[in-house]
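The next block holds one structure in the form of structure tokens; read it before the comments.
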Amino acid sequence: METKPVITCLKTLLIVYSFVFWITGAILLAVGVWGKLMLGPYISLIADNSTNAPYVLIGTGTVIIVFGLFGCFATCRGSPWMLKLYAMFLSLVFLAELVAGISGFVFRHEIKGTFRRTYTDAVLNYNAKDEASRAVDYLQNSLRCCGVYNYTNWFGSVFYPSNGIPASCCFNSSDCNPDDLRNATVAPSKVYHQGCFELVTSFMETNMAIIAGVTFGIAFSQLIGMLLACCLSRIITANQYEMV
């Protein structure tokens, strides 16, 4: 009977952990939906092809929510095999998050290179109609920037000879007209001088440590759940403890 307080304590801790784990799943799901709705243009420029990153977050969040509920159920039920299955799932999540965090940190320069290439291509082939062009406009409006490095990048685009610099570069849309934007002398006084590439990459570099820290912190938190689940399963099995 002396093991009952230990089991009760472990169960309480594991239920609390499973609830927190469930919350992280809900956050991932929300971030995935938000990323799909709000960050689609950014993602389309960062990736060479259409990326499934938002769908991966949505799927991962949904699976974590389901297994978070499963962890609470397994803990309340006191089933050793369910607890072992829960611990196995947590180990898989830990490995996946660890690999994702390391890959993002190691390949951050490749990500920057990909963004430079895809954004340059989008600027040079801009036509104000396709998805890439809409993404460029969205980026320039949101970040208040113009071109890859500065507004002069637009002089080599297929859009410039007949249309000038896109209106999304204007810092005062009411004071921008097509004639001004086609004039290489007047246009610089109407548009942003800051390039978008520098703004995006500086944000990535500034927040890389924070992003990596959060990722690894979440990943290693799975070890706590694994330890609790395994300990509880072992104690229940050893003492043939059954829930009433």
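The values are calculated or read from the model by the stated rules, or taken from the named source; none is laboratory data. Quick caveat, the model's predicted, so the values are computed rather than measured. Please note: Cβ atoms are built from the backbone with ideal geometry, for glycine as well, and neighbour counts cover all protein chains shown. Each accessible area value is taken on the protein alone, full model and side chains, heavy atoms only, with ligands, DNA and RNA left out. Shrake-Rupley method; radii C 1.70, N 1.55, O 1.52, S 1.80 Å.
Can you confirm whether I27 is farther than 30 Å from I236 by Cβ, within 14 Å of the chain's Cα centre (by Cα), at pLDDT 80 or above and open to solvent by 50 Å² or more (accessible area, probe 1.4 Å)? Full working, then the answer.
On the way: farther than 30 Å from I236 by Cβ: yes; within 14 Å of the chain's Cα centre (by Cα): yes; at pLDDT 80 or above: yes; open to solvent by 50 Å² or more (accessible area, probe 1.4 Å): yes.
Taking the combined requirement at face value, the residue satisfies it.
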How many residues of the range 73-98 are farther than 22 Å from L57 by Cα and aliphatic (A, V, I, L, M)? The answer is 4
Of the residues that make up the range 190-209, is at least one of a type in the set (A, V, I, L, M, F, W, C), part of a loop (DSSP other than H, G, I, E, B) and surrounded by 15 or more Cβ atoms within 10 Å (Cβ to Cβ)? no
I'd like the residue in the range 120-140 that is assigned to a helix (DSSP H, G or I) and farther than 14 Å from V200 by Cβ and, out of all such residues, is farthest from the chain's Cα centre (by Cα). L124
Extreme residue, surrounded by the fewest Cβ atoms within 10 Å (Cβ to Cβ), among residues of the range 173-185 that are within 14 Å of W154 (Cβ to Cβ) and out of contact with any Phe, Trp or Tyr (no Cβ under 8 Å at 6 or more places or on another chain): P178
For the range 90-100, does any single residue satisfy the condition of being at pLDDT 85 or above and open to solvent by less than 50 Å² (accessible area, probe 1.4 Å)? yes
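Within the group Y151, Y138, Y119, which residue is open to solvent by less than 30 Å² (accessible area, probe 1.4 Å) and either in contact (Cβ under 8 Å) with a residue 40 or more places away in the chain or of a type in the set (D, E, K, R) (or both)?
Values: Y151 fails: open to solvent by less than 30 Å² (accessible area, probe 1.4 Å); Y138 fails: open to solvent by less than 30 Å² (accessible area, probe 1.4 Å).
The conditions single out Y119.
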Does the range 169-182 contain at least one residue that is in a helix (DSSP H, G or I), under 24 Å from L37 (Cα atoms), under 25 Å from the mean Cα position of the chain (by Cα) and in contact (Cβ under 8 Å) with a residue 24 or more places away in the chain? no
